[in-house]
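Reviewing the structure listed below.
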Amino acid sequence: MIKAGIIGATGYTGVELVRILSRHPEVRLESLTSQSYVGQSFEGVFPSSNNFANMLLEPQDAGALADRCDVIFTALPHGVSMEVVEEVTQKGKKVIDLGADYRFDRVDVYEEWYKLEHKTPELTRQSIYGLPEIHRDKIRTAQLVGNPGCFPTSIILGLAPLLKSGLIDSTTIISDSKSGVSGGGRGLNQAFHYAECNENFKAYNIGMHRHTPEIEQELSKLAGSDVTVSFTPHLVPMTRGILSTTYASLKKSHSVEDLLELYSDFYKDEYFVRIHQKGQYPQTKWVYGSNFCDIGIAVDPRTNRIIVVSAIDNLVKGASGQAVQNMNIVFGLPEKTGLDFAPVFP
């Protein structure tokens, strides 16, 4: 059995990790840490976990935790996990970091967009960007995995076949993404108060969202040249889900049928990516509570643009489910182990 610890187990992504790992047939949850609920039982704080996670929440002691675990999941805000990750990796243990600190190839890009000094730049050179469908071979041998952001996951998977095949003009990419309120985390924030977000729909951080350089980094690798995108996130008054609608100009005219064949072939061995038939476009309800990324495409012949619609659950494929998928790869398990459950509908 793989002994797993979660640092930051009481945030939304931490709770989702507990939900998934508590039923994983090859994992034993060894330790859950919290700053706010030390000494309390996890199921007491989260009654939904009764019969699944009867454990006491511990103070954060990365060194002691590393001694007891084979893998540590760090579900902490950006800037917080650096010292934790350094201590755990020094002990030779595996780390899946769900924050932003180890997603970037270049420290200066991280520092520019997150307005923080990176305290462990040497570890960024060891970290592997944890998008399995794109970087599986590197993830297999990784000690440190930087788990992707939610918006980037939906957009990168939606565009990968097009950029890899060179079918689109990479200077024309525009993505509008809509996210549920849980994407803002569990902490108090006026923007996410019920009266502020209910019956409301808004764009935010236009042209300056911190996921933008992460998206561009990975799309550039796929394209083989620098890619710049226009990315606008929106907040939708729902709990879970991301729907990304991405536009790009085709270099030549292509039928939807030909492009669907391209997507189906590109993802033919990817259990967690589902390509929808012509005229069918994903909805967030179709992936709710699951690790799937659903993709549909359309072509506008008038403008010669392709429109890619991709849907994920921001807390599962956009965070904790993908982290478990990465853990499965690192430990040589079938990727869908512990993740092969259907979405919740309705």
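Only the coordinates and a few stated rules stand behind these numbers; no lab work does. Predicted model only: the values in this text are computed from it and were never measured. For neighbour counting, all protein chains shown are included, and Cβ atoms are generated from backbone atoms with ideal geometry for every residue, glycine included.
Size descriptors for region 2-126 (Cα atoms only): Rg and Dmax, in that order, 14.8, 46 Å.
Placing R0 at 35 angstrom, the Cβ-Cβ distance between Asn200 and Ser230 gives a FRET efficiency of 0.90 after rounding to 0.05. Please report, to two decimal places, log10 I(q)/I(0) for region 68-123 at q = 0.19 Å⁻¹ as given by the Debye formula with identical point scatterers on the Cα atoms and no solvent. Scattering profile of region 68-123, log10 relative to I(0): -0.62. Which FRET efficiency value, to the nearest 0.05, is calculated for Ser48 and Ser165 with the Förster distance at 35 angstrom and r the Cβ-Cβ distance? Efficiency, rounded to the nearest 0.05: 0.20.
With 10 angstrom as the radius, rank Phe345, Phe292, Phe42 by how many other C-beta atoms surround their C-beta, starting from the fewest.
Sorted ascending by nearby Cβ count, the order is Phe345, Phe292, Phe42.
Counted by Cβ distance under 13 Å from Lys278, the other residues give a net charge of -3, where Lys and Arg count +1 and Asp and Glu count -1. Taking every full run of DSSP H in the chain, the ones that stretch at least 18 Å from end to end by Cα along their long axis and average 0.5 or higher on the Kyte-Doolittle scale are 150-165. Less than 5 angstrom separates the built amide H of Val27 from those of Ile2, all sequence-distant by 5 or more or on a different chain.
Annotation: for a label point projected 7 angstrom from Cα along Cα→Cβ of Phe345, no residues of region 149-176 have a backbone N closer than 16 Å. Exposure proxy shown here: for Phe266, Phe341, Phe73, the number of other Cβ atoms within 10 Å sets the order, fewest to most, as Phe341, Phe266, Phe73. Just to be sure I understand the curve: with the Debye formula and one point per C-alpha of region 133-192, what is log10 I(q)/I(0) at q = 0.18, 0.25 Å⁻¹? One equal scatterer on each Cα of region 133-192 leads to -0.87, -1.09. Between amide H atoms placed 1.01 Å from N, distances below 5 Å from Ile168 occur with Lys251, all of them 5 or more places distant or on a separate chain.
The stretch between Lys336 and Lys138, if pulled fully straight at 0.36 nm per residue, gains 69.5 nm over its current Cα-Cα span.
Of all beta bridges that DSSP places with both ends in the chain, some 45 percent have antiparallel geometry. The alpha carbon radius of gyration of the chain, expressed as a multiple of 2.2 N^0.38 Å, is 0.97. Count the net charge of all other residues whose Cβ sits under 14 Å from the Cβ of Gln190, scoring Lys and Arg as +1 and Asp and Glu as -1. Around Gln190, the surrounding residues sum to 0. Calculated mean residue ellipticity, 222 nm, the chain: -8500 deg cm²/dmol, from DSSP H runs (n ≥ 4) at -39500 (n - 2.57) each, averaged per residue and rounded to 500.
Looking at the calculated P(r) for region 237-346, what percent of the C-alpha pair distances fall above 24 Å?
Value for region 237-346 (Cα pairs over 24 Å): 31 percent.
Pairs exceeding a 32 Å alpha-carbon distance, out of Lys91/Lys164; Lys93/Lys336; Lys94/Lys115; Lys178/Lys251; Lys119/Lys202: Lys91/Lys164; Lys119/Lys202.
Computed from the alpha carbon positions, the gyration tensor of region 151-314 leads to an equivalent ellipsoid with semi-axes of 27, 18, 14 Å, biggest first.
Could you calculate the contour length gain from Arg23 to Lys119, that is, 0.36 nm times the residue separation minus the distance between their Cα atoms, to one decimal place in nm?
31.0 nm
Counting neighbouring beta carbons within 10 Å and listing from fewest to most, the residues Thr246, Thr171 come out as Thr171, Thr246.
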